[in-house]
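The values are calculated or read from the model by the stated rules, or taken from the named source; none is laboratory data. Quick caveat, the model's predicted, so the values are computed rather than measured. Here the Cβ is made from the backbone with ideal geometry for all residues, glycine too, and neighbour counts use every protein chain on show.
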Amino acid sequence: MTNEEILGGIAEIVNEVAGVETSEITMDKSFVDDLDIDSLSMVEIAVQVEDRFGSKVPDDELANLKTVGDAVDYVAKHA
Amino acid sequence: MTDVVVTGLGATTPLGGDVASTWAGMLSGRSGISAITEDWVERYELPVRIAARLATDPTEVLKRVEARRWDRCEQVAVIAAREAWKHAGLTEHDVEPERLAVVIGTGIGGAVTLLEQDSLLKQEGMRKVSPLTIPMLMPNGPAAYVGLELGARGGVHAPVSACASGAEALAIAWRMLRAGEVDVVVAGGAEACITAIPIAGFAQMRAMSTRNAEPERASRPFDSDRDGFVLGEGAGVMVLEREEFAAARGAAAHGRLAGVGTSSDAYHITGPEPDGTGAARAISAALRTGGVDATDVGHVNAHATATAVGDVAEAAAIRSSIGDHPVLSAPKSGLGHLLGAAGAVEGITTLLAIRDGAIPPTLNLDEVDPEVKLDVVAGTAREVELHAAVNDSFGFGGHNVALVFTQA
């Protein structure tokens, strides 16, 4: 799977959970600071990422996923 | 002492998605009650197959993510609060956040969320349970989300007193304003729990109408042939202000919440005192705190849910605390019983009756129970000039709340 495909999938999940326009969801964006996503929504996003890409996201890893790019890299490594 | 004026109204009910359509529906004698179409009435063989569903589904009004994050009772609270806030002409610059409070009650809260998440837990396991489960099911959720939306920092409260919750919220708001704690309170009630288990539970109490073949004829407060209430859903919210504060910002007052009275029966967990003593004490207290003479009360917007005992007890309470002269109307005949939202929505309609000089008809009143011994408006709305009107609300647990509204 390419990084673009992963980014597209994550953007769809973030849009579904938090209502952020998919065009806003780019690699350099911070979930909290740029996309205004709270910790509750991050848990929902992690569960959906697991379902979609098969990559488990333990809580201590979730805390390290600050940007959309971090999440894409994580999925690329663990899918 | 400062007077409390009403500057904004908001509602979403089985008769309409806002105050204007709800009020127009009531005045024209429309019913919001219909057959339940979900399959669970058949599956569980429920004896009750009618309810008063919202006229406008919240998902038609809210953003998709708002609807996703909020339980239905929170959705209706925010919808009603937005309308009331706009109606009051308030912006975030008009009131200090520390001088703005929210008081919104609910009877049951996020029961539907609890049930849905419980099913998910059992069927798909822990990881499918939403992290929003708790904020969606907690009964202070409706108040908290409205507080967040408006940036209220003067306190957010959520009275829980069953079917008196919405009225109790208005009573608490009045006390906060009279004490000078804050300048503006956004107050009301919200409820949305039309699903199998609340209906099964109420039905087992024999509290609900089973007139399933005639949904619009089922809710019959004060009628000799009444057989219980019909469950509804919705929300009502008022913006209340200290009179000086409203005047200083040039806000129009639509009426006054002149006084409030609360009492408790300490009689039975669900049954009212048959002679209505506790209810009468609440009404008398509301007249006293409002400085309103009983002879000036032209109208009572009755709680009257159409249970055998409750309606007669309320009529006795009205006769002993106010007298034989007030003209009654029972809004639950068309709205259904909105539980924790009932007192707030009906408080709004009490105020509108004074403003417009019109009392809506009580539907399905073919033959008044001879024990009522009061004039109940039936058929069509009655035009009458009103100086003061009382709104009653009572809740399981023995909670009694009376609100007295007067002209602006």
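Within the range B:284-402, considering only helices (runs of 4 or more DSSP H) that don't extend past its boundaries, which have at least 1 residues that are in contact (Cβ under 8 Å) with a residue 40 or more places away in the chain and farther than 27 Å from residue B:193 by Cβ? Reasoning before the result, please.
Values: elements: B:308-321, B:332-335, B:342-356.
Passing ranges, in order: B:308-321, B:342-356.
Within the range A:35-46, can you find the residues that are touching a residue at least 12 places away in the same chain (Cβ under 8 Å) and more than 9 Å from the chain's Cα centre (by Cα)?
Step one: list which residues in the range A:35-46 are touching a residue at least 12 places away in the same chain (Cβ under 8 Å), which gives A:35-37, A:41-46.
Result: A:35, A:36, A:37, A:41, A:43, A:44.
Scan (1) farther than 27 Å from residue B:178 by Cβ; (2) surrounded by 24 or more Cβ atoms within 10 Å (Cβ to Cβ) for the single condition residue B:46 breaks and write down its number.
Residue B:46 satisfies every listed condition except (2).
Please determine, by comparing only the residues of the range B:124-139 that are facing another protein chain (nearest Cβ under 10 Å) and not in a helix (DSSP H, G or I), which one is surrounded by the most Cβ atoms within 10 Å (Cβ to Cβ).
B:132
Of (1) buried (at least 24 other Cβ atoms within 10 Å of the Cβ); (2) more than 17 Å from the chain's Cα centre (by Cα); (3) of a type in the set (Lys, Arg), residue B:382 satisfies all except one. Which?
(1)
Can you pull out every residue in the range B:259-288 that is small (Gly, Ala, Ser) and over 18 Å from the mean Cα position of the chain (by Cα)? Full working, then the answer.
First, pick out the residues of the range B:259-288 that are small (Gly, Ala, Ser): B:259, B:261, B:263-264, B:266, B:271, B:276, B:278-280, B:282, B:284-286.
Correct list: B:264, B:266, B:271, B:276, B:278, B:280, B:284, B:285.
Answer yes or no as to whether residue A:12 is part of a helix (DSSP H, G or I), of a type outside the set (A, V, I, L, M) and within 10 Å of the chain's Cα centre (by Cα). Working first, answer last.
Values: part of a helix (DSSP H, G or I): yes; of a type outside the set (A, V, I, L, M): yes; within 10 Å of the chain's Cα centre (by Cα): yes.
Judged against the criteria, residue A:12 is a match.
Restricting to the range B:218-252, give me the number of residues that are closer than 30 Å to residue B:207 by Cα and not polar (S, T, N, Q). Write out each step before concluding.
Within the range B:218-252, the subset closer than 30 Å to residue B:207 by Cα is B:218-238.
Going one step further and asking which of them are not polar (S, T, N, Q), we end up with B:218, B:220-223, B:225-238.
Final tally of qualifying residues: 19.
Can you name every residue in the range B:11-37 that is touching a residue at least 12 places away in the same chain (Cβ under 8 Å), assigned to a helix (DSSP H, G or I) and either among the polar types (S, T, N, Q) or over 15 Å from residue B:351 (Cβ atoms) (or both)? Reasoning before the result, please.
Here is the first cut: in the range B:11-37, the residues touching a residue at least 12 places away in the same chain (Cβ under 8 Å) are B:11-19, B:21-23, B:25-36.
From what's left, assigned to a helix (DSSP H, G or I): B:19, B:21-23, B:25-27.
Answer for the range B:11-37, where residues must be touching a residue at least 12 places away in the same chain (Cβ under 8 Å), assigned to a helix (DSSP H, G or I) and either among the polar types (S, T, N, Q) or over 15 Å from residue B:351 (Cβ atoms) (or both): B:21, B:22, B:25.
Filter the range B:393-408 for residues that are within 17 Å of the chain's Cα centre (by Cα) and of a type in the set (A, V, I, L, M) and give the result.
B:401, B:402, B:403, B:404
Are there any pairs with C-beta distances below 6 angstrom linking a residue in the range B:60-71 that is within 11 Å of chain A (Cβ to nearest Cβ) to a residue that is modelled with pLDDT of 95 or more and outside any helix (DSSP H, G or I), with the two at least 6 apart or on different chains, and if so which?
Going by the 6 Å Cβ cut-off, the qualifying pairs are B:69/B:132.
For the range B:43-66, check the following and say yes or no: at least one residue is farther than 19 Å from residue B:333 by Cβ, assigned to a strand (DSSP E or B) and touching a strand residue (DSSP E or B) at 6+ places or on another chain (Cβ under 6 Å). It would help to see each step written out before you state the result.
If we filter the range B:43-66 for residues that are farther than 19 Å from residue B:333 by Cβ, which is where we start, we get B:43-47, B:56-66.
Of the ones still in play, those that are also assigned to a strand (DSSP E or B) are none.
Checked the range B:43-66: no residue is farther than 19 Å from residue B:333 by Cβ, assigned to a strand (DSSP E or B) and touching a strand residue (DSSP E or B) at 6+ places or on another chain (Cβ under 6 Å).
Scan (1) crowded, with 24+ Cβ neighbours inside 10 Å; (2) more than 30 Å from residue B:74 (Cα to Cα) for the single condition residue B:367 breaks and write down its number.
Evaluating residue B:367 over (1) crowded, with 24+ Cβ neighbours inside 10 Å; (2) more than 30 Å from residue B:74 (Cα to Cα) leaves (1) as the failure.
Name the residue, out of A:49, A:68, that is more than 17 Å from residue B:69 (Cβ to Cβ) and in contact (Cβ under 8 Å) with a residue 60 or more places away in the chain. Explain how you work it out, then say what you get.
Numbers: A:49 fails: in contact (Cβ under 8 Å) with a residue 60 or more places away in the chain.
Going through A:49, A:68 in turn, just one is more than 17 Å from residue B:69 (Cβ to Cβ) and in contact (Cβ under 8 Å) with a residue 60 or more places away in the chain: A:68.
So, of the residues in the range A:15-59 that are more than 11 Å from chain B (Cβ to nearest Cβ) and outside any loop (DSSP other than H, G, I, E, B), which turns out to be surrounded by the most Cβ atoms within 10 Å (Cβ to Cβ)?
A:49
Restricted to the range A:1-14, and to residues that are more than 17 Å from residue A:46 (Cα to Cα) and touching a residue at least 12 places away in the same chain (Cβ under 8 Å), which residue is nearest to the other protein chains (Cβ to nearest Cβ)?
Filtering the range A:1-14 for residues that are more than 17 Å from residue A:46 (Cα to Cα) and touching a residue at least 12 places away in the same chain (Cβ under 8 Å), the one nearest to the other protein chains (Cβ to nearest Cβ) comes out as A:1.
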